[in-house]
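A short worksheet on the structure shown next.
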Amino acid sequence: MSINIDNEYNNYFIGDKEVRDLLTREGERKLEGLSNQFIDLKNLEKRIESHKFVKDAEVYRGLDGNIQVSVKQNRPIARIIRSDQDVYIDAEGNILPLSDRYTARVIPITKSALIRSSDKGFFQDSLGQSYLDLLQFIEQDEFWNAQLVQMHIDGNGKVSFLPQLGDHTIEFGKPVKVEDKFKKLAVLYKEVLPTMGWDRYKRVNVEYEDQIICE
């Protein structure tokens, strides 16, 4: 078997050994030497896709007669901090468990007790999509992905961040006009804080249009 695992986002939730174990039911069903009629490729794909961190799998027989396996992993974009057990959330709003094999370096999220307890339900509706859009924006921007180290959603659905640099809280408000708000923050970080000092303010608010409030 030839196994190719897509690590486009530097995630390592599954390796060659785990894929082989899924294909052979942990060595109980050997595939080497079997004729084509005894190998159900679609069934093998389903076995691999049963893994919690596999987004998609393709299994086919190459021209050389060997089985070719291509695996695409799920991509967490945030980690939800919970009192019972933390979980990941991917770009589609799906909830993923933690992994003993690998820990993704993604932004942690805390939520008010007033926010509905079902994380899956929260991120699946139209409002939840706006939070996913915000998380995707952060993840895809190199600077903000490094600068924002924690996100909180309060009981009114407003977002705040803790930054890597500076001793302030960023009050972001609802996840709307995301790009405009980050442009205002960029001005603050490039033109104001280097002069005034990174620890000058305890509170930075970009919630309101055409305003940056610093205290």
Percent antiparallel among DSSP beta bridges confined to the chain, nearest 5, equals 60
Each residue of the stretch 144-160 in order: what ³J(HN,Hα) in whole Hz does its phi give by Karplus 6.51 cos²θ - 1.76 cosθ + 1.60, θ = phi - 60°, with x for Gly and Pro? 5, 5, 8, 7, 8, 9, 7, 10, 10, 10, 7, x, 9, x, 7, 9, 9
Reach of Lys42 by Cα under 22 Å, taken over lysines that are not fewer than 8 positions away in the same chain: Lys17, Lys30, Lys52, Lys55, Lys72
Out of every Cα-Cα pair in the chain, what percent are more than 26 Å apart? 48
When the chain is treated as a GNM, springs tying every alpha-carbon pair under 10 Å, which of Thr195, Thr24, Thr169 comes out with the largest mean-square fluctuation? Thr195
Can you tell me how much longer the chain between Asn145 and Arg25 gets when fully stretched, taken as 0.36 nm per residue apart minus their C-alpha distance, in nm with one decimal? 39.3 nm
What does the accessible area per residue of the chain come to in Å², with a 1.4 Å probe and no ligands, DNA or RNA counted? 58
Explain nothing, just compute: Karplus ³J(HN,Hα) = 6.51 cos²θ - 1.76 cosθ + 1.60, θ = phi - 60°, for every residue of the stretch 62-67 in order, whole Hz, x for Gly and Pro. x, 5, 7, x, 7, 7
Using a 1.4 angstrom probe with every protein chain in place, what is the largest-first accessible-area order of Ser99, Ser2, Ser83? Ser83, Ser2, Ser99
So what are the radius of gyration and Dmax for the Cα set of the stretch 170-215, in Å? 10.3, 29
What order do Val149, Val87 take when sorted by accessible area (1.4 Å probe), most exposed first? Val149, Val87
Which one of Phe38, Phe137, Phe161 has the biggest mean-square fluctuation once the chain is modelled by GNM with Cα springs under 10 Å? Phe38
How tilted is helix 126-140 with respect to the longest principal axis of the chain? Cα atoms for both, answer in degrees (0 to 90, nearest 10). 90
Connecting C-alpha atoms closer than 10 Å in a GNM of the chain, tell me which of Leu96, Leu22, Leu135 has the biggest fluctuation. Leu22
Roughly how many nanometres apart are two label points built 7 Å out from the Cα toward the Cβ at Tyr102 and Glu209? 4.3
Per DSSP, the loop-located GluC sites (Glu not before Pro) within the stretch 178-211 having at most 11 other beta carbons within 10 Å are Glu209
Hits among lysines - C-alpha to C-alpha of Lys174 under 17 Å, sequence gap 8 or more where chains match: Lys111, Lys158, Lys183, Lys184
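The values are calculated or read from the model by the stated rules, or taken from the named source; none is laboratory data. Treat the numbers as computed from the prediction; the structure is a model and nothing was measured. When we count neighbours, we look across all protein chains shown, and the Cβ atoms used for this are built from the backbone with ideal geometry, even at glycine. When the accessible area is computed, the model is the full protein with side chains, heavy atoms only, and any ligands, DNA or RNA have been set aside. Shrake-Rupley method; radii C 1.70, N 1.55, O 1.52, S 1.80 Å.
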